[in-house]
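Novice: Would you mind keeping the following structure in view while I ask a few things?
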Amino acid sequence: MAFVWGVDSASSVDQQLLQCVITNFGRPMVWGRYLSTVPRIASGLTAGEITFLQRQNIKILPIYNDFRNAVGYENGKNVALRAITQAVRLRIPKETFIFANIEHYFQINEAWIRGWADTIRRSDYQSGMYHDPIRGPFSKAFCQAVKKDAKIGNETVLWSAQPEVKTTGPKNAPTFSPNSPKCQKNIWAWQYGRDAKTCPIDSNLIDRRLYNQLF
């Protein structure tokens, strides 16, 4: 299978949450988790969670979301540096993709994308971006950044939030068909279902090329 099924959550992962997912949906192969605690939004990934998930043979997709504005090169650089610091603190292996969490209501421009991508490129990690290609300004900004620096389109992996279908398990997952910006890109992940009622998770399909570079 070219794609694997997984989930992401703002909540910490423990046996209770994992069992909820397994019982109601199926066993995930990937779990997306935030690198930092953001009050009232997300609990940060811990060393204990990493150990727990790895013992379950579930790979972790690291997400950095401790920012609310994505405008300006220096801002993109600084956000990337903070993400790298968190990844190093958690001993995330080199070459792992780290995803900037860019919501549809964020302000964003091409300079921020270049700042993030340039800084991640110079680190031991690889650049990823969670985004909404339909709502908000991400697609335009991303393609402008690619026009200025083609390496961004070749190196950055995109995780699309569109279209939103419904939350399912792996057996009922849709065919991989995310929306994406209309320029060079690697669209290797799709969050196709959000805010499940039975467990506090979103459901995703992940390209095996990305899966192989998670940890």
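We did not get these values from a lab; they are worked out from the coordinates using the rules stated. The model shown is predicted, which means the values in this text are computed figures rather than measured ones. So basically every Cβ, Gly included, is an ideal-geometry build from the backbone, and we count neighbours across all protein chains shown.
Novice: Write down the percent of antiparallel bridges among all DSSP beta bridges whose residues are both part of the chain, to the nearest 5.
Specialist: That works out to approximately 30 percent antiparallel.
Novice: Can I ask one more? So for the chain, averaging the separation of alpha carbon pairs under 8 Å that are six or more residues apart and normalising by length, what relative contact order in percent results?
Specialist: Answer for the chain is 23 percent.
Novice: In addition: How many angstrom lie between the Cα centre of the stretch 59-100 and the Cα centre of the stretch 149-165?
Specialist: Cα centroid to Cα centroid, the span is 16 Å.
Novice: Additional query: Short version: what are the Cα gyration tensor semi-axes of the stretch 1-59, square root of 5 times each eigenvalue, largest first, in whole Å?
Specialist: Three semi-axes, in Å: 19, 12, 12.
Novice: Does a label point 7 Å from the Cα of Phe176, set along Cα-to-beta-carbon, have any residues of the stretch 184-215 with amide nitrogen under 14 Å, and which are they?
Specialist: Once the point is set 7 Å along Cα→Cβ of Phe176, 186-192, 204-214 turn out to lie under 14 Å by backbone N, inside the stretch 184-215.
Novice: Using unit Cβ charges (K, R positive; D, E negative) and no other charged atoms, how large, in debye to the nearest 20, is the dipole of the chain about its Cα centre?
Specialist: Around 240 debye, computed over the chain.
Novice: With 10 Å bins from zero, work out the P(r) of the stretch 55-169 over every alpha carbon pair and list the percent per bin.
Specialist: 14, 48, 29, 9, 0
Novice: Let me ask something additional. If you filter the stretch 79-137 for chymotrypsin sites (Phe, Trp or Tyr not before Pro), then keep DSSP loop positions with at most 12 other Cβ within 10 Å, what is left?
Specialist: Values: sites: Phe97, Phe99, Tyr105, Phe106, Trp112, Trp116, Tyr125, Tyr130; in loops: Tyr105, Phe106, Tyr125.
Here the chymotrypsin sites (Phe, Trp or Tyr not before Pro) that fit, given the DSSP loop and packing criteria, are Tyr105.
Novice: Extension gain Arg40-Lys197, at 0.36 nm per residue separation less the Cα-Cα distance, in nm?
Specialist: Here the answer is 54.6 nm.
Novice: Let me ask something else. Once you wrap a convex hull around the alpha carbon atoms of the stretch 107-154, what is its projected area averaged over all directions, in nm²?
Specialist: The directionally averaged projection comes out at 3.2 nm².
Novice: What aspartates and glutamates sit close enough to Lys197 to cross-link, taking a C-alpha to C-alpha distance under 19 Å and skipping anything fewer than 8 places away on the same chain?
Specialist: Those aspartates and glutamates meeting the cut-off are Asp8, Asp14, Glu164.
Novice: At q = 0.09 Å⁻¹, what log₁₀ I(q)/I(0) does a Debye calculation on the Cα points of the stretch 3-211 give, no solvent, two decimals?
Specialist: Calculated log10 I(q)/I(0) at the listed q: -0.31.
Novice: Using θ = phi - 60° and the Karplus curve 6.51 cos²θ - 1.76 cosθ + 1.60, what whole-Hz ³J(HN,Hα) does each residue of the stretch 166-173 get, with Gly and Pro shown as x?
Specialist: 7, 6, 9, x, x, 5, 10, 5
Novice: Here's another thing I want to ask about it. Provide, as a two-decimal number, the C-alpha radius of gyration of the stretch 135-194 over 2.2 N^0.38 Å, N being how many residues it has. It would help to have the intermediate numbers written out before the result.
Specialist: On the way: Rg = 13.0 Å, N = 60, 2.2 N^0.38 = 10.4 Å.
The value comes to 1.25.
Novice: Below 10 angstrom from the Cβ of Asp132, what's the summed charge of the other residues (Lys, Arg +1; Asp, Glu -1)?
Specialist: Neighbourhood net charge equals -1.
Novice: By counting other Cβ atoms within 10 Å of each Cβ, how are His131, His104 ranked from fewest to most?
Specialist: Result, fewest neighbours first: His104, His131.
Novice: Let me ask another. Give Lys140/Lys185; Lys94/Lys148; Lys147/Lys185 a once-over and call out the pairs whose C-alpha atoms are over 18 Å from each other. It would help to have the intermediate numbers written out before the result.
Specialist: Values: Lys140/Lys185 13 Å; Lys94/Lys148 27 Å; Lys147/Lys185 12 Å.
Over 18 Å apart, Cα to Cα: Lys94/Lys148.
Novice: For Phe215, enumerate residues with amide H under 5 Å from its amide H, sequence gap 5+ or separate chain, H modeled in the peptide plane.
Specialist: Sorted by chain and number, the residues that satisfy this are Ile60.
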